[in-house]
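Everything on this sheet refers to the single structure shown next.
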Amino acid sequence: MEFAIAPHRLLAKMKHTISVLVEDEAGVLSRIAGLFARRGFNIESLAVGPAEQMGISRITMVVPGDDRVIEQLTKQLYKLINVLKVQDITETPCVERELMLLKVNASSTNRSEIIELAQIFRARVVDVAEESLTLEVVGDPGKMVAIVQVLQKFGLREIARTGKIALTRESGVNTEFLKSLEAKIS
């Protein structure tokens, strides 16, 4: 007996990147988090910081859900006081970055191997201790997953990640599309 997965079930697992511009006022983030909590939605990643205009902050969220759910959340966000603009930038060409600090076990016997691996990922050593190294990694979320997998064998002590931040590309160049073309050519 074969089981087919309905298309809407596949979409439900999609992660959307939502960019929200808000007035920089006390309680805005709390109201947004409350909105998600009341509706039973999870926020997988959340980053908040000042935007290009004084008094305005940009909130970047990664939220699982299908297009219908994201559309509903967008409408609800616009109803909140202090929300200026909401954009689902999932399918828009973007520059995406994340910052991670990663503390890994490092003895005198494996320290040079860890440093070599860090260099491959363009990670910087920001702290050296007798039994550990702390690395700073900046890049797209895929890079974060990859370096964690590579360094797992040494033993990870601590990880701190900022969550994804993103800005749309004014050039309109979709680097994911370019990467897929490059992979086909190679």
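Read-outs: derived from the displayed coordinates by stated rules, not from any lab. This one's a predicted model, so the numbers in the text were calculated from it and none came from an experiment. As a convention, Cβ positions derive from the backbone with ideal geometry for all residues, glycine included, and neighbour counts pool all protein chains shown.
For this structure, a couple of remarks:
- Between helix 28-38 and the chain: long-axis angle, C-alpha atoms, 0 to 90°, nearest 10: 80 degrees
- Share of alpha-carbon pairs per 10 Å distance bin for the range 7-91, given as whole %: 17, 55, 24, 4, 0
- Restricting the calculation to Cα atoms, the range 95-166 shows an Rg/Rh of 0.96 when the hydrodynamic-style radius is the Kirkwood one.
- Put in line by how crowded their Cβ is, counting other Cβ atoms within 10 Å and starting with the fewest, D67, D140, D127 read D127, D67, D140.
- Taking the fewest neighbouring Cβ atoms within 10 Å as the starting point, the ordered list for E71, E98 is E71, E98.
- Going from the fewest other Cβ atoms within 10 Å to the most, the residues R39, R58 appear in the order R39, R58.
- Short to long, the 5 Å bins of the Cα pair-distance histogram for the range 1-150 hold 2, 8, 15, 15, 13, 12, 11, 10, 8, 5, 2, 0, 0 percent of all pairs.
- Angle of helix 141-151 to the longest C-alpha principal axis of the chain, folded into 0 to 90 degrees and rounded to 10: 30°.
- Relative to the longest principal axis of the Cα atoms of the chain, the long axis of helix 111-120 lies at roughly 40 degrees.
- Dipole magnitude (debye, nearest 20) for the range 40-114, charges at Cβ of Lys, Arg, Asp, Glu: 320 debye
- The chain, dipole about Cα centre (Lys/Arg Cβ +1, Asp/Glu Cβ -1), debye to the nearest 20: 380 debye
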